[in-house]
Amino acid sequence: MSDPRMTSSIFTRGAVDLSALRSTPPANPRPTTPAQAGPPTGLPGGPAGGAVTVIDVTEATFQSEVLERSLSTPVVVDFWAEWCEPCKQLSPVLERLAVEGGGAWVLAKVDVDANPRIAQMFRVQGIPMVYAVVGGQPVDAFSGVVPEAQLRQWLQAVLKAGGVAVAEPEDPRLDEADDALMSGDLEAAERAYRKILAESPADAAAEAGLAQVGLARRVAGADPQAALTVAAQAPDDVAAQLLAADIEVLSGMAEQAYARLVGLVRRTAGEDREKVRQHLVSLFTIAGPDDPAVASARRALASALF
């Protein structure tokens with residue numbers, strides 16, 4: 001699961017003992033922020049308006065509002081306090097995203113000063129601290145304030161863990177970067193993709209876009225037929241083979257390009273071999289890891305290297 005601030009070794013499923021809180025009597029739900037009318041505009045998958053989205057939770061209501069509710073709907077627990085300035089940055093964003101979700105997940109707010117026992121059970125050492133509870137158990141957590149883009153990715157993973165069908169939301173940042181790439185403004189496209197990666201380092205779409213920028217720059221001004229002819233006449237000319245592979249990718253012949261460079265890896269050594277390997281990996285990035293041709297070529301590359 002995506003985790004903005006904590007590594008998986010710090011937090012593992014079942015590490016928090018909530019048994020002491022299960023004996024508290026249930027109480028009626030007390031929503032503090034009703035869902036807005038109309039379809040959700042953020043994380044998809046929730047019911048239409050009227051669903052509970054944000055609730056204040058106390059020790060007396062924890063069992064019903066968090067543990068029992070999480071059996072059917074993912075619950076995100078926000079530990080906060082009135083004196084906590086970073087909480088005032090994070091909590092409003094969480095509340096807005098919960099309303100956008102339309103009931104796909106519920107935000108449970110816990111005032112640590114009023115409910116120290118809950119905070120102790122969750123081993124909260126600093127705030128803001130946010131836990132995801134699914135199926136009656138915490139499944140992930142992070143601390144501190146994180147960018148909204150990362151927060152949305154984390155919530156997507158929480159929904160998936162809760163069995164909610166999640167459609168990938170449109171990202172206006174990617175739309176802007178893609179538009180720049182398609183219009184030929186490579187400088188603007190590169191800046192936009194790098195900005196996304198600075199905020200979301202694992203964004204595969206931005207990585208692919210940045211690799212496409214590099215590809216567009218390498219083939220600029222090249223005569224495709226002439227480049228392929230030169231490559232055919234000079235099979236060990238690294239520069240000619242790399243350009244030919246780029247042209248093949250742009251021509252829809254990616255598998256041929258991969259095979260060309262895997263063969264070149266087998267015939268080269270030292271710096272030339274590493275240059276070819278890195279170039280091939282950049283072409284893999286454009287297609288994405290789920291492309292069957294990439295998976296096959298990666299196996300061939302591994303065989304050529306080792």
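Relative protection proxy for 70-79, 275-284, from highest mean packing down: 70-79, 275-284 (other beta-carbon atoms within 10 angstrom).
Label-to-label distance, ALA157 versus ALA293, with points set 7 angstrom from Cα along the beta-carbon direction: 3.1 nm.
At 1.4 Å probe size, with the rest of the protein present, what percent of the exposed accessible area of the stretch 265-306 is carbon and sulfur atoms? Exposed carbon and sulfur together represent 50 percent of the surface. Placing unit charges on the Cβ atoms of the charged side chains and taking the dipole of the stretch 180-259 about its Cα centre, the candidate lying farthest along the positive direction among GLY221, ALA211, TYR193 is TYR193.
Subtracting the Cα-Cα distance of ALA239 and ARG266 from their residue separation scaled by 0.36 nm leaves 8.1 nm. About the centre of its Cα atoms, the stretch 100-151 shows a dipole size close to 220 debye [charges on the beta carbon of Lys, Arg (+1) and Asp, Glu (-1) only; nearest 20 debye].
In a simple Cβ point-charge model (Lys, Arg +1; Asp, Glu -1; nothing else charged), the stretch 122-276 has a dipole of about 580 debye relative to its Cα centre.
Rg and Dmax, both from the Cα atoms of the stretch 100-177 and both in Å, are 14.6, 47.
Classified by the C-alpha gyration tensor, the stretch 156-282 has a prolate form. Its axis ratio a/c, with a ≥ b ≥ c, is 1.5 or above, and a/b is larger than b/c. Once the chain from LEU197 to GLN137 is taken as fully extended at 0.36 nm per residue, the excess over their C-alpha distance is 18.4 nm.
The values are calculated or read from the model by the stated rules, or taken from the named source; none is laboratory data. The structure displayed is predicted, hence computed values, not measured ones. Positions of Cβ are generated from backbone atoms using ideal geometry, with glycine treated the same way; all protein chains shown enter the neighbour counts. Surface areas here come from the heavy atoms of the whole protein model, side chains and all, with no ligands, DNA or RNA. Shrake-Rupley method; radii C 1.70, N 1.55, O 1.52, S 1.80 Å.
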